[in-house]
Amino acid sequence: MTGTPQAQEAMEALQARRAVEALRSGVPSRDAVGALGSGQAGIEDRFLTLLDGTGTPRRTGQRGLLLGGGFGTGKSHLLEHLAHLAADRGFVVSRVVVSKETPLHDPVKVLRAAVEAATLPTGTFGAVPEAVGALDAGSPAYAELLRWASGSAVSERFALTVSLLPYAQENDGDFAEMIVRFWSGDPIGVAALRRQARFAGKGKPALATVPARELARQRFRFLSRLFVAGGYEGWVILLDEVELIGRYTPLQRGRSYAELAGWLRPDPEDPGSPLVSVLAMTDDFDAAVLTAKNDREAIPAKLRAKQNSEWDEVAGGAEAGMRLVERAMLLLTPPDAAELDRAYSVLKQLHGAAFGWSPPDVVGLERLGATRMRQYVRAWINEWDLIRLDPAFRPESQAAAVPTGYAEAAELEG
């Protein structure tokens, strides 16, 4: 029956059903986003411009976008749509949700989450091993990766492991896997590196100690270059629910602001980096956290009070990050009448395909400026569900606001 019109119809009904169920739950699945689109053409254009500029040295401006919107306005939905756009253009894509397990202030944990989530344009996970498998030691791409890694943007460990990879792949599979794990975030022993370098005839390399946080940042730089060497356009990292940093304690908020600045500003160590980032947070963060908690003044003061050069650097980064929240946030555009009509039409057709019926027109919610797209979508779907079960029933939907808060909670810091 595979390939028959009946099978094709059944597959289309299944895809429609998956999309409807995802939209009902507020989950931005591939099916749901593909069916509904984003409705944020301006942000899409800005994102595609960033993708087009990867590899071009940037010393000013931004290499990432900061998106802002209220709860239910479609931030996660938009991130999924941007992920599709990036994959269609040949980028490796990682979606990371800021959480207790992945606190923004800890680049080591963010790196691990990004590597685990890294997806090839084909939709396949395991992007790092796949990119390594595509490397050809005799190719210009490999030579360029080795040349770049031999510069000042990353530790000597990266150039050494790149140069040792062909030898290890031929002579020591376990060490070749160790190299890939090192690039992905695992430690690698200096003694093991020097032993393998001796076996490969590379003498005894000097390997300086690198702090774990800095090594994680260097891995982000290196992996984006590795993906290019493996035949992809670069690496796009999408960070969702960034507003959680508002609930951290002051010192970790400061670190988080500094990391946010690092994600959005050009990398001074690698201005031509093929890495693009998009961060999404609530649009009230400035008022509810930066202003209400007096973070603009209090956070830098607390950091500098430690009288330590490292914390002074974090304070400068935190100030830059807070300025970006104030000035660089791109707000999601509320749906206008035309966008609501389009979404309603798409969903009506989708619901009919999912359940094999002809949905009637429903009222849904009153069209008010404060009503969010998720609320409209849920109301339409719920009303069609009820009428499908009882054609005589006339549902009436109401929307209620969901309060959010930024009370500090140290347990969220990871």
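The values are calculated or read from the model by the stated rules, or taken from the named source; none is laboratory data. As the structure is a computational prediction, the values presented were derived from the model and not from experiment. FYI the Cβ positions are ideal-geometry reconstructions off the backbone, even for glycines, and counts take in every protein chain you see.
Structure data summary
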{"item": "Subset of region 177-193 [at pLDDT 95 or above and either polar (S, T, N, Q) or more than 30 Å from PRO268 (Cα to Cα) (or both)]", "result": "GLU177, SER184"}
{"item": "Residue check for GLN398: in a loop (DSSP other than H, G, I, E, B) and either within 30 Å of PRO250 (Cα to Cα) or over 27 Å from the mean Cα position of the chain (by Cα) (or both)", "result": "yes"}
{"item": "Residue tally, condition closer than 17 Å to THR333 by Cβ and among the polar types (S, T, N, Q), over region 23-82", "result": "4"}
{"item": "Region 77-115, subset out of contact with any helix residue (DSSP H, G or I) (no Cβ under 6 Å at 6 or more places or on another chain) and part of a loop (DSSP other than H, G, I, E, B), residue nearest to MET373 (Cα to Cα)", "result": "SER99"}
{"item": "LEU48 within 17 Å of the chain's Cα centre (by Cα), among the hydrophobic types (A, V, I, L, M, F, W, C) and farther than 30 Å from ALA288 by Cα", "result": "yes"}
{"item": "Residues located in region 144-166, provided they are surrounded by fewer than 17 Cβ atoms within 10 Å (Cβ to Cβ) and either in contact with a Phe, Trp or Tyr (Cβ under 7 Å, 6 or more places away or on another chain) or small (Gly, Ala, Ser) (or both)", "result": "SER150, GLY151, SER152"}
{"item": "Residue check, GLU366 more than 23 Å from ALA338 (Cα to Cα), among the acidic types (Asp, Glu) and outside any helix (DSSP H, G or I)", "result": "no"}
{"item": "Failed item in (1) assigned by TED's automatic domain parsing to the domain that holds PHE285; (2) outside any helix (DSSP H, G or I), with PRO28 passing the rest", "result": "(1)"}
{"item": "Selection status of LEU365, surrounded by fewer than 16 Cβ atoms within 10 Å (Cβ to Cβ) and either over 32 Å from the mean Cα position of the chain (by Cα) or closer than 27 Å to ILE43 by Cα (or both)", "result": "no"}
{"item": "Selection count, region 54-76, where residues are surrounded by fewer than 22 Cβ atoms within 10 Å (Cβ to Cβ) and under 23 Å from ALA370 (Cβ atoms)", "result": "4"}
{"item": "So GLU310, is it of a type in the set (Asp, Glu), within 25 Å of GLU408 (Cα to Cα) and at pLDDT 95 or above", "result": "no"}
{"item": "Residues within region 296-355 that are among the polar types (S, T, N, Q) and farther than 25 Å from MET373 by Cα, tallied", "result": "3"}
{"item": "Exclusive hit being under 23 Å from ALA118 (Cα atoms), touching a residue at least 40 places away in the same chain (Cβ under 8 Å) and in contact with a helix residue (DSSP H, G or I) (Cβ under 7 Å, 6 or more places away or on another chain), set LEU36, LEU50, LEU66", "result": "LEU66"}
{"item": "Filter result for the condition that a residue is over 30 Å from LEU331 (Cβ atoms) and at pLDDT 95 or above, over VAL154, VAL110, VAL97, VAL92", "result": "VAL154"}
{"item": "Counted residues, region 170-188 - those being of a type in the set (Phe, Trp, Tyr) and more than 14 Å from GLY126 (Cα to Cα)", "result": "2"}
{"item": "Single residue of LEU324, LEU331, LEU347 found to be buried (at least 18 other Cβ atoms within 10 Å of the Cβ), under 26 Å from GLN40 (Cα atoms), touching a strand residue (DSSP E or B) at 6+ places or on another chain (Cβ under 8 Å) and of a type outside the set (Phe, Trp, Tyr)", "result": "LEU324"}
{"item": "Filtered residues of region 116-150 (kept if part of a loop (DSSP other than H, G, I, E, B), among the hydrophobic types (A, V, I, L, M, F, W, C) and either in contact with a Pro (Cβ under 7 Å, 6 or more places away or on another chain) or farther than 22 Å from LEU51 by Cα (or both))", "result": "LEU135, ALA137"}
